[in-house]
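Comments concern the structure below.
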Amino acid sequence: MSQFISVFDMLKIGVGPSSSHTLGPWRAAKQWVSKLKNTALFDKIDAIKVDLYGSLSLTGKGHATDLAILLGLSEADPEYIPIEDILIIVERINTQEEILFKGGKTIPFFKDSIVFNREFLPFHANAVTFRGFLKGEEVTADTYFSIGGGFIVQEKNHLEEEIEINTKNFPFPINRAVELEKYCDKHDLRISDIVLMNELELRTAKEIDFELNRIWETMLECMYIGCHTEGKLPGGLNVKRRAFGIQEKLIKDAHYTDPKEWVAAIRSSEVKFREILKWVSCFALSVNEVNASLGRVVTAPTNGSAGVIPAVLMYYLVIENHDADFNHIKRFLLVAGEIGSIFKKNATISAAMGGCQAEIGVSSAMAAAALTELLGGSPAQCLVAAEIAMEHHLGLTCDPIGGLVQIPCIERNSMGAIKAINAAEIALETDPKEVKVPLDKVIDTMWKTAQDMHENYKETSEGGLAISVGMADC
């Protein structure tokens, strides 16, 4: 039986700066509270403590893991919470030293209630344990692993499949890229057609369109906000926002009042050849500057790599096809989601497990395949594009300075977007029958590379730029 990972699992709306270190722990805390409320323990416990392990501990401060825990315990929803409420909730908890749950119950929660442990637990580098106490005695404890892209699993379930096996009879069960290509060839369908038919087993066509449009509008709003916000990013590195300045130079005298008019204004402008790369970089930088500021983004497939897919999709809309509509956006997101799911099933999308190749590399592959379909490429050429994009990200380490998703993370999204476009162009000029490295092989290689990579280069801030440069140098 095949695993099924929905497009809406791969592309999730949430809050930055990290899907594994912010969104995952947030969802785990919220899930733990919900679980407690379904038992008699919730009314009994009078104290809570949280232990962070491994990468969640080593880079937790820079990734706002501690803030995410507070928000999750407060039962806030990362998908819908007003961004301006985030710091208000955190400040209230830190000032009053208590968690206020829905329904009115309060439990004391002090600054030392979250413990940062350097120890790594088995199974995954990102682990968090929630403990409930009654009169000083621990009465409940649950450990969750944040396995990348906002996915979480409980410790007792981790020996089972990471993604729940869906028993529905999907028309096209897919684990490997070769299976996807065979379905496309046999039924003379595009990748997006195959993916859509699987998704229709879970949702109506109207629901799929609604959710995909909501994802796109979140991406668009994120780019718009990033391109219209000046200043420096929070966290102590004093990184200057660059999307604003780049956009100001490129947009010239165009007038607009909202994100959709903004897109129309860019489309109607005469974009010179040299400006194309600047626009793509601007789109990617804008998203990850918003992400670094605890803004709302779409994990694609992670928060740290959230800028690649919207940047490449915007490239198609404003450079390649001015007549593109929602149907093109829909196809792009469907293809991207499926390619990401194949990486998730056979390797990892967690930088704490595989380095940055698992984030920027995967997002670049997703975007490359999706762009190739929209540019008229065959399903086989789409897979070639994904392979090229990942092949040239193999071995990319994750070494964030100060544990912040800023240096080198933000610029890497720009690099990943450019590589995706380049990979698509190469794939369109390639005969898939002559390709020496199929996508499945490069995915296997990526996973083997991840296993061989030293742990210092897996989102610990104990190697690479994080050590050779460091906070003090910034």
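Structure values in brief
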quantity	calculated
Pairs with Cβ under 7 Å, 6+ apart, first in segment 208-236 and touching a residue at least 12 places away in the same chain (Cβ under 8 Å) and more than 19 Å from THR257 (Cβ to Cβ), second outside any helix (DSSP H, G or I) and among the polar types (S, T, N, Q)	LEU233/SER293; LEU233/GLN406; PRO234/SER293; GLY235/GLN406
Test: residue in segment 370-382 that is within 20 Å of ALA300 (Cβ to Cβ) and in contact with a strand residue (DSSP E or B) (Cβ under 6 Å, 6 or more places away or on another chain)	no
Checking THR430 against (1) hydroxyl-bearing (Ser, Thr, Tyr); (2) over 22 Å from the mean Cα position of the chain (by Cα); (3) in a helix (DSSP H, G or I), the condition it does not meet	(3)
Residue within segment 459-471 that is in contact (Cβ under 8 Å) with a residue 60 or more places away in the chain and touching a strand residue (DSSP E or B) at 6+ places or on another chain (Cβ under 6 Å) present	yes
Odd one out for ILE349 among (1) part of a helix (DSSP H, G or I); (2) under 22 Å from the mean Cα position of the chain (by Cα)	(1)
Close pairs from segment 84-101: first on the phi > 0 side of the Ramachandran plot, partner surrounded by 14 or more Cβ atoms within 10 Å (Cβ to Cβ) and not polar (S, T, N, Q), Cβ under 8 Å, at least 6 apart	GLU97/PHE109
Meets criteria (without any contact (Cβ under 8 Å) to a residue 24 or more places away in the chain, surrounded by fewer than 18 Cβ atoms within 10 Å (Cβ to Cβ) and either polar (S, T, N, Q) or not in a helix (DSSP H, G or I) (or both)) for ALA254	yes
Test: LYS61 is closer than 24 Å to LEU134 by Cα and either basic (Lys, Arg) or in contact with a Pro (Cβ under 9 Å, 6 or more places away or on another chain) (or both)	no
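Read the figures in this text as sums done on the coordinates, not as results from a lab. The structure displayed is predicted, hence computed values, not measured ones. Positions of Cβ are generated from backbone atoms using ideal geometry, with glycine treated the same way; all protein chains shown enter the neighbour counts.
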